[in-house]
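Peer 1: Got a structure for you, questions after.
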Amino acid sequence: MKYVSGPYFEPDFDPLLDRFGTPGVVVDNETREDCTLVKVDSVNRDGVLLEMVQLLTDLDLVISKSYISSDGGWLMDVFHVTDQIGRKLTDPSLPEFIQRALVPSFHRAGAGRPSPKFTTCLGNVVGPGGPDVSDCAALEFTVHDRPGLLSSITSVLADNGCHVASGQAWTHNGRAAGVLYVTASGGGAAAAMNPGRWARIERLVNAVVDARENVTGERRWVRASEPVQGRVHAERRLHQLMHDDRDYESGPAPTPVDEELFSMGEKAATARTARRVETRVSIDGWEERGYAVVKMTSRDRPRLLFDTVCALTDMHYVVFHATVGSQGPLAIQEYYIRHKDGRTVDSNAERQKVARCLVAAVERRATHGMRVEVRAADRSGLLSDFTRVLREHGLSLLRVELKRHKDEAVGIFYLVTDIGGEVRSEAVRAVQTRVSEMDISLNIVKEAPGWPPVRKTSVPAPPVGGPQAQERPRPSLGTLLWSRLGKLSNNFSSIRS
């Protein structure tokens, strides 16, 4: 099916656009046979789109399509979602949780009520802001990436009575950033530790980082902070750290999108993108409407929509309209944006910076290296012990995800050799043997679990002769935009966000 711009209205929006009364969230299991529609309409407020995408992502849901509009101070968004194995959302407590989490007036009204919690299909327990880490201190860092970095940092923590309860670390363009949530060893709350110890730990980590620097004047940043309520979401914080570290500046300028991919059928797109898909960005102006139009293509993967919206939000751009979907392995995103001060992306230098930042946001989480899953009884020094074994076997980390599940520590590690090469199976077997003596289970994950293809949403056939065949009155801005977004999205299937 080809993309044809014209006045066409997606039927799913008809009841949504009629409900300009009380703001709210509708979780609709009736309209589609193969997915649940999460519809949100409310008065727009700063950052609400990111909150919605973040919540659905934290719930381990697959967003197969997205329609986004927030013009005129009113927000109207529709997300097509399933759980991780392609099922509709049937848990009776989920609609209320989504509503309480997405509509602030709903869950603020009950003063003294506990924050809502939900257990996802993968067994993760989340609240409105993601996993609860309010009882943990936080260690954040951005430094030059090098072998053994995380091992050195976690060794300092273990030697000073700190236990890494959860956290993440990313690498990109030779830089590394991490957010580690830390408690006192022995199960005590981090808050029970002398606050002055965090300043000391910060100095010690800084000293370790400084001792391993090989480049004079190399920039780095380390901060240890006490437990606090309402922390920034860990993955958004990582994006902020790497953006502030200017990891987007390295490398060639982004390649413009292939416009033909926005119109070709899925089979052609799949054949054309069978090889590794390069992340591409084009930014154009729509002067008569006062928007910058951002088009992106990249390999489809989990949390892609979150990463893109996070980057735009933290660059202080407002998304007014968008459509998101995929063709085969190719994710396609189109956004209509303005800066918070009302500007579009005016200069060529600004377009280049925005394009670089968006590519960096996508590539930071791109899957490279051998993925292994590690499980063990949660204990003090566990991460330090495991990363030391990796270092001793000449392995380096590209990305790390750490969490607790009841009394068990679970970690996902992406491994390469110290020189960035592919990890050989003999090296992994040697590590498995060594860590098994520490009661640590290590398994190679060949494919990301829980991401089978989701059945496509049925799409109504276009009118005979196409939308341009009949004379129509000039559409309003809202109709024109939804026409453009709706028609484009009809050519899409699942985006793994």
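The values are calculated or read from the model by the stated rules, or taken from the named source; none is laboratory data. Computed from a predicted model, the values in this text were never measured in an experiment. Cβ sites come from the backbone with ideal geometry, for glycine too, and all protein chains shown count toward neighbours. Areas reflect the complete protein model, heavy atoms only, side chains present, ligands, DNA and RNA absent. Shrake-Rupley method; radii C 1.70, N 1.55, O 1.52, S 1.80 Å.
Peer 1: Which condition does V345 not pass, out of (1) modelled with pLDDT under 95; (2) farther than 21 Å from A253 by Cβ; (3) buried (at least 23 other Cβ atoms within 10 Å of the Cβ); (4) touching a helix residue (DSSP H, G or I) at 6+ places or on another chain (Cβ under 7 Å), if it passes all the others?
Peer 2: All conditions pass for V345, except number (2).
Peer 1: Would you say G73 is open to solvent by 20 Å² or more (accessible area, probe 1.4 Å) and either touching a residue at least 40 places away in the same chain (Cβ under 8 Å) or over 15 Å from V319 (Cα atoms) (or both)?
Peer 2: no
Peer 1: Something else: Being part of a helix (DSSP H, G or I) and either open to solvent by 40 Å² or more (accessible area, probe 1.4 Å) or at pLDDT below 95 (or both) is true for just one of D210, D132. Which residue is that?
Peer 2: None of the others qualify; the one that does is D210.
Peer 1: I would also like to ask the following. Mind telling me which of the residues R404, R379 ends up being farther than 27 Å from M242 by Cα and of a type in the set (D, E, K, R)?
Peer 2: None of the others qualify; the one that does is R379.
Yes or no, residue by residue, for (1) closer than 15 Å to D284 by Cβ; (2) crowded, with 19+ Cβ neighbours inside 10 Å; (3) out of contact with any Leu (no Cβ under 9 Å at 6 or more places or on another chain):
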residue	(1), (2), (3)
I332	no, yes, no
Y335	yes, yes, no
D341	no, no, yes
Q352	yes, no, yes
C357	no, yes, no
R364	no, yes, no
G369	no, yes, no
R375	no, no, no
S380	no, no, yes
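Peer 1: Okay, moving on. Going by what's in this entry, would A409 be described as surrounded by 15 or more Cβ atoms within 10 Å (Cβ to Cβ), in contact with a helix residue (DSSP H, G or I) (Cβ under 6 Å, 6 or more places away or on another chain) and without any contact (Cβ under 8 Å) to a residue 40 or more places away in the chain?
Peer 2: Yes: the conditions hold for A409.
Peer 1: For the stretch 315-330, give me each residue that is under 19 Å from I63 (Cα atoms) and under 18 Å from the mean Cα position of the chain (by Cα).
Peer 2: V319, A322, T323, V324, G325, S326, P329, L330, listed by residue number.
Peer 1: While we're on this one: Can you pull out the residues in the stretch 227-276 that are of a type in the set (G, A, S) and modelled with pLDDT of 65 or more?
Peer 2: Narrowing the stretch 227-276 to residues of a type in the set (G, A, S): 230, 234, 250-251, 253, 263, 265, 268-269, 271, 274.
Matches in the stretch 227-276: G230, A234, S250, G251, A253, S263.
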